[in-house]
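Bear in mind that the values in this text are calculations on the coordinates, not laboratory data. Owing to the predicted nature of the structure, the values given are computational and were not obtained by experimental measurement. Heads up, the Cβs are rebuilt from the backbone with ideal geometry, glycines too, and the neighbour counts pull from every protein chain shown.
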Amino acid sequence: MIKKLALENILFLDIETVPEQHVFSELTEAKQDLWEQKSQYQRSEISAEEFYERAGIWAEFGKIVCISVGYFKFQGDIRQFRVTSFYGDEIRILKDFKNLLISHFSQAKHLLCAHNGKEFDFPYIARRMIINNIELPYKLNLFGKKPWEVPHLDTLELWKFGDYKNYTSLKLLTNILGIPSPKDDIDGSQVYKVYYEENGLDRIVTYCEKDTIAVAQVFLRLRGETILNENEIIHI
């Protein structure tokens with residue numbers, strides 16, 4: 001089925017998130033109480049303050065610092081995968097991403113694709129837009145849509161083949177599918193410290209773009225097609 005999809009109609013993406021504040025004490029008292037309640041089932045013996053560096057996983061307590069996107073462009077026999085990123089101020093990120101969807105990926109034929117996107121990236125972006133009083137674009141507004149009407153693809157879901165108890169990370173999937181991955185400067189668990197303690201947003205953007213490319217590479221392998229080589233990847 002995915003072989004029938006036109007690659008140029010798919011927007012591949014990845015997001016990077018961090019806690020909304022640097023440290024737990026910077027939250028309001030009300031938000032601190034809410035975080036204690038929200039995180040209680042996961043943190044066991046760890047205090048809410050110690051656990052706070054993981055708060056970026058939840059849209060209610062985190063924020064987006066980068067959205068990287070990539071799309072295919074074909075010119076005759078020449079195939080290109082063009083990658084760009086929105087980063088910095090969250091409201092600006094969300095508005096720029098929304099403008100991209102409206103101007104270039106708003107038709108019925110257009111789809112969004114991410115790894116674990118249906119559980120994380122897509123709902124996270126939508127929730128942060130609502131929190132920031134940004135009207136949802138059509139591609140993220142799922143209210144009233146039937147499952148087959150949702151314009152989202154998920155490489156994790158495709159890899160599951162209906163096995164919903166299984167989780168396979170993007171890093172593991174690229175490894176077993178023989179997709180070359182350059183040595184990463186950071187991984188997801190380090191984004192919080194790199195952002196708040198090292199002011200390393202540029203490193204986070206690079207990491208986010210690598211994951212976006214990896215999602216596209218996995219999608220190509222799932223279609224039985226040749227993966228991208230370095231010359232076909234264009235950063236814009």
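When only C-alpha pairs under 8 Å and at least 6 residues apart count, what is the relative contact order of region 167-229, in percent?
Values: 35 pairs, mean separation 23.0, N = 63.
37 percent.
Find the relative contact order for region 61-119 and round it to a whole percent, using C-alpha pairs within less than 8 Å whose residues are 6+ positions apart. The partial results should precede the final answer.
Details: 46 pairs, mean separation 15.9, N = 59.
Computed over region 61-119, the figure is 27 percent.
As an exercise, identify the trypsin sites (Lys or Arg not before Pro) in region 123-201 lying in DSSP coil whose Cβ has no more than 12 other Cβ atoms within 10 Å.
The qualifying sites are LYS145, LYS165, LYS183.
How long are the semi-axes of the ellipsoid equivalent to region 63-146, from square roots of 5 times the Cα gyration tensor eigenvalues, in whole Å, largest first?
23, 16, 12
How large is ³J(HN,Hα) for each residue in region 52-60, as worked out from phi by the Karplus curve 6.51 cos²θ - 1.76 cosθ + 1.60 (θ = phi - 60°), to whole Hz, x for Gly and Pro?
4, 5, 8, 5, x, 5, 9, 4, 6
Kindly put THR84, THR155, THR28 in sequence by how many other C-beta atoms sit within 10 Å of each C-beta, fewest to most. Walk me through the numbers before you get to the answer.
Values: THR84 17, THR155 24, THR28 9.
Result, fewest neighbours first: THR28, THR84, THR155.
Sort HIS115, HIS110 by Cβ crowding within 10 Å, fewest neighbours at the top. Each step should come with its number before you reach the end.
Working: HIS115 28, HIS110 18.
Listing HIS115, HIS110 from fewest to most nearby Cβ atoms yields HIS110, HIS115.
Given H placed 1.01 Å from N in the peptide plane, which residues other than close sequence neighbours of LEU153 have an amide H under 5 Å from its amide H?
Correct list: LEU112, CYS113, ALA114.
Sort ILE176, ILE93, ILE67, ILE131 by Cβ crowding within 10 Å, fewest neighbours at the top. List each step's numbers first, then the result.
On the way: ILE176 10, ILE93 22, ILE67 25, ILE131 14.
Going from sparsest to densest Cβ surroundings: ILE176, ILE131, ILE93, ILE67.
Please compute, over every Cα-Cα pair in region 121-226, the percentage with a separation greater than 23 angstrom. If you can, show how the numbers build up before the last one.
Numbers: 2530 of 5565 pairs.
Cα-Cα pairs in region 121-226 separated by more than 23 Å: 45 percent.
Say we join alpha carbon atoms closer than 10 Å with springs in a Gaussian network model of the chain; which of GLN42, GLN21, GLN80 then has the biggest fluctuation?
GLN42
Kindly give Rg over Rh for region 10-88, based on alpha-carbon atoms, with the Kirkwood expression for the hydrodynamic radius. Display every interim value, and only then the final one.
Details: Rg = 18.4 Å, Rh = 14.8 Å.
Ratio of gyration radius to Kirkwood radius for region 10-88: 1.24.
What Kirkwood hydrodynamic radius do you get for the chain when you take the inverse of the mean 1/r over all pairs of distinct Cα atoms, in Å?
Values: mean 1/r = 0.0532 Å⁻¹.
Kirkwood hydrodynamic radius for the chain: 18.8 Å.
Under 8 Å for C-alpha pairs, at least 6 residues apart: give me the relative contact order for region 52-174, rounded to a whole percent. Please list the in-between numbers first.
Numbers: 120 pairs, mean separation 26.5, N = 123.
Worked out over region 52-174, it gives 22 percent.
Mean-square fluctuation check for the chain, GNM, Cα pairs under 10 Å: which of ILE204, ILE64, ILE130 is largest?
Largest GNM mean-square fluctuation: ILE130.
Return the lysines within reach of LYS109: Cα separation strictly under 21 angstrom, same-chain partners fewer than 8 residues apart disregarded; answer none if there are no such residues.
LYS109 reaches LYS3, LYS4, LYS73, LYS98, LYS118, LYS139, LYS145, LYS146.
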